[in-house]
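So the structure is just underneath, and the comments pick up after that.
The values are calculated or read from the model by the stated rules, or taken from the named source; none is laboratory data. These figures come from a predicted structure and were not determined experimentally. Cβ placement follows ideal geometry from the backbone for every residue including glycine, while neighbour counts extend to all protein chains displayed.
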Amino acid sequence: MSDRHFDQLATRFAEKIYGGAKGAIRLAVLQADLQEALPKRPLRVLDIGAGLGHMSLWLAQQGHDVTLAEPAAPMLEGARQRFAEAGQSGTFIQAPWQELLGQLTEPYDLVLCHAVLEWLAEPHAILPVLHQLTAKDGWLSLAFYNRDALIYRNLLKGHFRKMRKNDMAGEKQSLTPQQPLDPRELATALEGLWQVETRSGVRVFHDYMPVEFQARAELEALVEMELAHRRHPAFAGLGRYLHWVCRPV
């Protein structure tokens with residue numbers, strides 16, 4: 001298995017992830033969490049696996065100095081266009097995470113690593129690199145595809161044969177990641193490097209709603225309810241993604 005990049009799937013990624021309620025909810029939760037956690041001053045931000053630049057653009061619009069690192073050229077070009085259309089500036093680096101320590105000399109106040117780990121051959125290998133790239137008094141915003149949510153979704157669908165095989169990986173051309181993460185295993189891997197300060201679920205109920213209910217629900221109401229329940233003790237762990245805001249140890 002090797003790291004997977006989105007060179008051929010940029011358009012599909014944009015439509016599938018950010019073309020509707022799923023992307024709107026994801027951005028709303030991530031942004032709400034960071035607004036709570038971060039100080040009200042300009043920060044140096046590094047977005048690893050920046051994709052089409054949605055989160056980086058939002059942070060640039062808040063006055064932060066943003067660097068986007070993305071290995072897939074079509075995704076990075078999409079981010080450049082998005083910044084240009086919004087009249088915002090940023091630094092754009094086409095590189096996988098393995099090359100960043102050789103290119104970046106100073107640590108960052110905030111490092112974003114959103115929906116990256118689940119596409120890596122060895123997800124935990126990036127964690128020490130993230131630590132080196134983050135200032136000692138900085139923050140890591142870590143969002144990852146939740147294996148627990150995928151298991152629950154398969155149970156609800158009655159995919160018991162898949163469950164017995166314990167095979168949760170997506171197909172090659174699927175947008176289901178190749179390495180959904182067990183949050184308990186990840187928490188163990190973070191020990192000694194990071195202290196998790198806040199934990200939120202991203203799409204804690206939306207993805208389980210019957211399609212006809214999703215279609216009838218107003219986007220504003222969906223976002224409101226997802227934000228209200230993102231840290232609910234019973235529901236947060238069911239989020240399709242989990243978002244952890246961490247401080248270096």
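Numbers for the structure displayed
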{"item": "Selection within segment 72-95 - outside any helix (DSSP H, G or I) and modelled with pLDDT under 95", "result": "Ala72"}
{"item": "Residue within segment 99-114 that is in contact (Cβ under 8 Å) with a residue 12 or more places away in the chain, assigned to a helix (DSSP H, G or I) and more than 23 Å from Thr188 (Cα to Cα) present", "result": "yes"}
{"item": "Flag if Val211 is over 18 Å from Arg26 (Cα atoms) and in contact with a Lys or Arg (Cβ under 9 Å, 6 or more places away or on another chain)", "result": "no"}
{"item": "Selection count, segment 127-147, where residues are of a type in the set (A, V, I, L, M), buried (at least 22 other Cβ atoms within 10 Å of the Cβ) and more than 15 Å from Arg44 (Cα to Cα)", "result": "2"}
{"item": "Residue tally, condition out of contact with any helix residue (DSSP H, G or I) (no Cβ under 7 Å at 6 or more places or on another chain) and among the hydroxyl-bearing types (Ser, Thr, Tyr), over segment 90-121", "result": "2"}
{"item": "Of the criteria (1) touching a helix residue (DSSP H, G or I) at 6+ places or on another chain (Cβ under 6 Å); (2) buried (at least 20 other Cβ atoms within 10 Å of the Cβ), which one His124 fails", "result": "(2)"}
{"item": "Selection status of Ile25, over 20 Å from Ile126 (Cα atoms), modelled with pLDDT of 95 or more and under 17 Å from the mean Cα position of the chain (by Cα)", "result": "yes"}
